[in-house]
1. From Cα coordinates alone, what are the radius of gyration and Dmax values for the range B:137-238 in angstrom?
2. Using Cβ counts within 10 Å as a stand-in for footprinting exposure, how do B:206, A:9 rank, fewest first?
3. Within 10 Å of each residue's Cβ, count the other Cβ atoms and sort A:23, A:132 from fewest upward.
4. On each of the three principal axes of the Cα atoms of the range B:4-53, give max minus min coordinate, whole Å, ordered largest first.
5. Simple spin-label model, 7 Å along Cα-to-Cβ: residue B:20 to residue A:22 in nm?
6. Volume per residue, Å³, of the convex hull around the alpha-carbon atoms of the range A:1-111?
7. Quick check on the exposure proxy: order B:27, B:38 from fewest to most C-beta atoms within 10 angstrom.
8. With the cut-off at 12 Å, report for the range A:10-54 the share of all Cα pairs above it, as a whole percent.
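Read the figures in this text as sums done on the coordinates, not as results from a lab. Being a predicted model, the structure only gives us computed values, none of them experimental. Methodologically, a virtual Cβ is constructed for each residue, glycine included, from the backbone with ideal geometry; neighbour enumeration extends over all protein chains shown.
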């Protein structure tokens with residue numbers, strides 16, 4: 001995959017951060033904080049917790065910039081997947097906490113304050129085709145609904161693929177295939193193919 | 001050509017959905033297959049763009065300044081390793097050496113246990129959570145059950161109450177954190193009860209409460225009050 005100018009710039013930023021350059025850290029923050037915070041807010045549904053996670057992620061980026069491996073992913077992907085991993089840890093801790101509290105109040109009918117993946121924004125939201133986010137939404141919008149749903153659930157929630165299959169009342173193999181096909185179409189639509 | 005089954009695994013691997021055994025097997029396959037590595041790379045890039053599908057929201061404006069302030073005092077790990085004579089490098093070793101000399105085996109064992117606990121707390125946020133049962137007081141129905149989960153580090157909590165009657169016209173239930181550093185209880189918000197007598201909400205006290213001694217639920221005027229006035233109906237010590 002050919003590196004874009006933005007990816008090259010991000011990579012240089014990370015290299016400077018690894019040398020202790022706070023200005024590069026500020027630049028990378030300006031570039032990544034919005035999508036990372038948006039993802040955190042969508043998954044957690046809580047501004048304070050989303051901010052906490054964002055803070056943890058950027059401190060980790062500062063500490064461990066030298067560990068970034070460009071052969072594995074772009075800086076953007078590295079940061080997104082790092083953030084997502086922390087978000088899933090939080091969601092799981094929240095579920096465990098909720099189960100304990102629910103157990104203690106002896107009510108079987110508790111419903112988790114779920115932030116399950118919702119559908120992506122409507123096509124009406126796709127206004128500017130030059131905007132990266134709009135482009136992603138546009139490609140996602142072109143996916144068959146069931147692929148988009150499976151992919152979003154797998155990405156934005158802490159559900160395993162087994163749980164997704166159960167929730168959607170579909171065989172596990174179908175869910176796996178939908179996730180795979182969704183990713184393949186997303187890859188092709190965004191031009192990430194080697 | 002990569003088999004569909006292997007492509008499925010690649011997708012689940014990127015999304016962090018494989019178990020430890022499957023990860024190990026998949027990574028062995030990755031080492032051998034450059035095409036599979038390419039596919040994983042592409043999937044990773046594609047999956048990460050999903051972050052842009054969330055409604056885009058700006059983070060709080062103060063966060064950047066706080067982060068820059070925080071990193072000002074610490075170097076990235078890569079630089080810490082490259083400064084053998086920095087005080088920050090030898091000081092912990094000096095302290096550790098002194099401890100080794102003066103600590104008995106018993107103390108060492110105790111420290112080990114503490115260290116394990118601290119590590120566990122870092123790994124599992126649940127270990128940092130305090131659970132507080134609130135008990136009925138002042139004529140509250142005896143069958144009311146309430147539990148608070150409180151994370152002091154994050155200053156956030158979750159309360160769930162079962163069996164609480166409606167607050168009544170012109171009244172609201174209000175949650176309070178009784179903190180050793182504050183003269184008066186700190187409001188943690190209004191608690192709304194549904195038609196089944198169940199209330200649950202996440203809360204954050206209005207000001208930082210670092211030494212919470214108890215949580216209490218009172219019956220107050222509608223909309224809540226800045227300082228508790230009404231009767232305490234539920235109370236639980238941390």
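1. Looking at the range B:137-238, its Cα Rg and Dmax stand at 12.6, 37 Å.
2. B:206, A:9
3. In increasing order of surrounding Cβ atoms, one gets A:23, A:132.
4. Between the extreme Cα coordinates on each principal axis of the range B:4-53 lie 32, 23, 17 Å.
5. So the two model labels end up 4.1 nm from each other.
6. 118
7. Ranking B:27, B:38 by Cβ neighbours within 10 Å, fewest first, gives B:27, B:38.
8. Values: 597 of 990 pairs.
Value for the range A:10-54 (Cα pairs over 12 Å): 60 percent.
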